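The values are calculated or read from the model by the stated rules, or taken from the named source; none is laboratory data. If you're wondering where the values come from, they're calculated on a predicted model, not measured in any experiment. Cβ sites come from the backbone with ideal geometry, for glycine too, and all protein chains shown count toward neighbours. In case anyone asks, the SASA skips ligands and DNA or RNA and just uses the protein heavy atoms, side chains included. Shrake-Rupley method; radii C 1.70, N 1.55, O 1.52, S 1.80 Å.
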Amino acid sequence: MTPRPTSTLWLRNRHLVLLDALALTACVFVAYTARFEGTSWLATEQERVFRLFVLAAIPARVVLYYLLGLYNRVWAAASVPELERVLVAAVGAAVLSFTIGVWGLPGVGLVATRMPIGVALLDALLAGLVIAVPRLASRFIQRRLERWRIRVTGQTPLPGALIIGAGAAGQMAAKELAAQPRAGMRPLGFLDDDRSKQGLVIGDLPVVGRVADMGQAAMATGAKYAVIAIPSASGSVIRDVVQMARASGLETRIVPSLHDQIARATGAMPVRSLRIEDLLQREPVQTDTAGVRSRVSGKSVMITGAGGSIGSELCRQLAVMHPAELVLVGRGENSIFEIQQELLAAFPFIRLVPVILDIRDRDGMARVMDRHRPVAVFHAAAHKHVPLMEANVLEALRNNVLGTKSVVDAAAAAGVPHVVLISTDKAVRPTSVMGATKRIAEQVVQLAAAATGRAYVSVRFGNVLGSRGSVVPTFLRQIRAGGPVLVTHPEMRRFFMTIPEAVQLVLQAFVLGTGGEVFCLDMGEAVPIVNLARDLIALTVTDPEAQVEIRFTGARPGEKLYEEMFFGSEDASPTSHPKVLKARNAEVSDETPLVLRRLVETLQQEAAEPVLRGYIESLVEDFQVEMAPGAEVGVKAVA
């Protein structure tokens, strides 16, 4: 049943109640007059049937319309759902009329004869018209008045847009653009490669051609924008559309993904500017949300590094699974405050526990873990910047190794059944201290899994687009400053994944893990960093005459040209999820526990860097320093 309308909407629609009552009465009169070809029926028993029918059926119809929500709608913004509601009301009213006039009144003995079936049929048709026409007419009048106002005031119409894709997403985008002038554009037509749609008119907009006809369509319609509305489009398809739009003199916009729309529900716009992740996106990830929900719903969950890029997205996606409590652990009070406030607004039913704590504080971590007894701990707190950790070996080991051991030991002591370490592709054949410390952190998790028999696992993935300190924000700052964009080496390649995509696969690995596995996420193809820089320049620089230099500076300490997800191509085994693989060759040696214990003891002191590197080499046999070849300078790229 539709909720009772608010007083504002009731006042706005109250005239419809009176209008409906009068119009429905007139419908019955007209139906009788048409059936008997005049008013001779007024001198017969049918006049009594008419009066009793009006007294019984008209109030019943109005109540039915009320219950179906016909009096709490803004009909000036009516669309398909409102039309559906009118049709349901018309059918329901027809059934009601037949029940009262043909069977009800004579059945209870109030009249000697029933209402003629022809009158009942005609009345039902007329009643459907009189409830539909005034309501849908308000929508028609609203649109015509808007066009008239623009014409009379001489207001310049909004620039036009071609919608790329005439499917459900495109139709919704067209509707939203037409309804929201603040979006700054108006839809002119669709471009779609589906032959069956060519020449059709969809939602009052024509399909003006295929995507390849963009240039001609832009000239014919005077469009200024191309709006991509193809949710399933790959990054390469979007890149092709962007190139065609640029060649056609069109600015490109895109319909936000469902995740974007949910995350920005307040004041959300129907379209947004393109981002680099749009050009790199892959097919949507299918996550076993039921499996995640069954493990965390109604329970306590802890996230370390909860204020970071990955940690905060973990909080958002876990909150959707309705845990009873989220324990937000982090060292930075501002970042924890921000994610807490965001979650309070979006998920007020979840208990949030902000904990300002350094993960290396073993006693503090043990107290928090013992107090909340989480069903799962997602360990996302870590130092991640390769050059910084090369210069701060002791800090890298203390945070990434001692910190992980503190979290894992506390979880084991508290009986936590699930621990998921967020690792990195840099842990594979590491050439950096940061990568090596993450590989040692994986070993810490594996040893704890073996000792407890619990589902303690690690998840590796590559670079995350938009995360703090990542390459994309750095490049954007350089582009906005006019360049140069600094790329370390022309052959440098990296795997990339969006933050939501990475977290979805982390949650999937959480479901799959049974104990000690090192999961590797399918990151697709490695992306040349120089291509990423060119794409960002093309998306950011709108002046076709502008030139932004790309300058190669040489690889930094600890960097390698190509990242790897496994220790060898033969060392990956599939899991039940096509995007999650398991590293076979990520075992720990018999000597690992002893060496790790000695390293932990050494880290309590101010050990010299050579000593620390010696421990790293003992624990990570394939740790090696690998410097990339020299650099070239002065290469330019034009958006």
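Of note:
- Selection within the range 168-219 - farther than 20 Å from Gln243 by Cα and β-branched (Val, Ile, Thr): Val201, Ile202, Val207
- Within the range 290-316, residues that are without any contact (Cβ under 8 Å) to a residue 40 or more places away in the chain sit with their Cβ atoms under 6 Å from residues that are small (Gly, Ala, Ser) and open to solvent by less than 20 Å² (accessible area, probe 1.4 Å), at 6+ positions apart or across chains, in these pairs: Gly307/Gly330; Cys315/Ala306.
- Considering only residues in the range 443-473 that are open to solvent by 40 Å² or more (accessible area, probe 1.4 Å) and modelled with pLDDT of 80 or more, the one that is farthest from the chain's Cα centre (by Cα) turns out to be Ala451.
- Conditions (1) modelled with pLDDT of 85 or more; (2) surrounded by 13 or more Cβ atoms within 10 Å (Cβ to Cβ); (3) not acidic (Asp, Glu); number of the one not met by Leu594: (2)
- Top-ranked residue in the range 9-56 [being surrounded by 15 or more Cβ atoms within 10 Å (Cβ to Cβ) and of a type in the set (S, T, N, Q); ranked as modelled with the lowest pLDDT]: Asn13
- Counting only helices (runs of 4 or more DSSP H) wholly contained in the range 414-531, the ones carrying 2 or more residues that are within 26 Å of Val375 (Cβ to Cβ) occupy 433-452, 499-512.
Residues checked against (1) outside any helix (DSSP H, G or I); (2) aliphatic (A, V, I, L, M); (3) under 27 Å from Arg534 (Cβ atoms):
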{"position": "Gly189", "(1), (2), (3)": "yes, no, no"}
{"position": "Val207", "(1), (2), (3)": "yes, yes, no"}
{"position": "Met219", "(1), (2), (3)": "no, yes, no"}
{"position": "Ala223", "(1), (2), (3)": "yes, yes, yes"}
{"position": "Gln243", "(1), (2), (3)": "no, no, yes"}
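- Pair list, Cβ < 6 Å and 6+ apart or interchain, from the range 380-408 residues that are closer than 12 Å to Lys438 by Cα to residues that are of a type in the set (A, V, I, L, M, F, W, C) and in a loop (DSSP other than H, G, I, E, B): Ala381/Ile359; Asn400/Ala382; Gly403/Ile359
- Yes/no for Val407 being part of a helix (DSSP H, G or I), in contact with a helix residue (DSSP H, G or I) (Cβ under 9 Å, 6 or more places away or on another chain) and not aromatic (Phe, Trp, Tyr): yes
- Residue pairs whose Cβ atoms lie under 9 Å apart, separated by 6 or more positions or on different chains, with the first residue in the range 468-479 and closer than 14 Å to Arg551 by Cα and among the hydrophobic types (A, V, I, L, M, F, W, C) and the second open to solvent by 40 Å² or more (accessible area, probe 1.4 Å) and at pLDDT below 75, are Phe475/Thr540; Ile479/Thr540.
- Filtered residue count, the range 415-433, keeping only those that are more than 15 Å from Ile310 (Cβ to Cβ), touching a residue at least 40 places away in the same chain (Cβ under 8 Å) and open to solvent by less than 10 Å² (accessible area, probe 1.4 Å): 7
- Residue within the range 374-385 that is in a strand (DSSP E or B), among the small types (Gly, Ala, Ser) and either in contact with a His (Cβ under 8 Å, 6 or more places away or on another chain) or open to solvent by 50 Å² or more (accessible area, probe 1.4 Å) (or both) present: yes
- Residues satisfying the stated conditions in the range 495-548, i.e. among the small types (Gly, Ala, Ser) and modelled with pLDDT under 80: Gly524, Ala526, Ala538, Ala546
- So Tyr71, is it assigned to a helix (DSSP H, G or I), modelled with pLDDT under 85 and farther than 25 Å from Glu176 by Cβ: no
- The one condition in (1) at pLDDT below 90; (2) open to solvent by less than 60 Å² (accessible area, probe 1.4 Å); (3) farther than 30 Å from Ala178 by Cα that Asp278 fails to fulfil: (3)
- Odd one out for Ala412 among (1) within 21 Å of Asp358 (Cα to Cα); (2) in contact (Cβ under 8 Å) with a residue 60 or more places away in the chain; (3) of a type in the set (A, V, I, L, M, F, W, C); (4) surrounded by fewer than 20 Cβ atoms within 10 Å (Cβ to Cβ): (2)
- Helices (runs of 4 or more DSSP H) completely within the range 287-362 that count 1 or more residues being open to solvent by 70 Å² or more (accessible area, probe 1.4 Å) and of a type in the set (Asp, Glu): 333-346
- Evaluation of Thr221 against (1) at pLDDT below 90; (2) more than 19 Å from Phe496 (Cβ to Cβ); (3) crowded, with 21+ Cβ neighbours inside 10 Å (one fails), failing number: (3)
- The residue pairs whose first member lies in the range 28-43 and is in contact (Cβ under 8 Å) with a residue 24 or more places away in the chain, whose second member is of a type in the set (Val, Ile, Thr) and surrounded by 11 or more Cβ atoms within 10 Å (Cβ to Cβ), and whose beta carbons are closer than 7 Å, counting only pairs six or more residues apart or on different chains, are Val28/Val54; Ala31/Val119; Tyr32/Val119; Arg35/Val119.
- Test: residue in the range 333-350 that is within 22 Å of the chain's Cα centre (by Cα), of a type in the set (Asp, Glu) and modelled with pLDDT of 90 or more: yes
- Of all residues making up the range 170-218, the number that are within 17 Å of Pro157 (Cα to Cα) and over 29 Å from the mean Cα position of the chain (by Cα): 1
- Test result for Gly558, surrounded by fewer than 18 Cβ atoms within 10 Å (Cβ to Cβ), of a type outside the set (A, V, I, L, M) and either modelled with pLDDT under 75 or part of a strand (DSSP E or B) (or both): no
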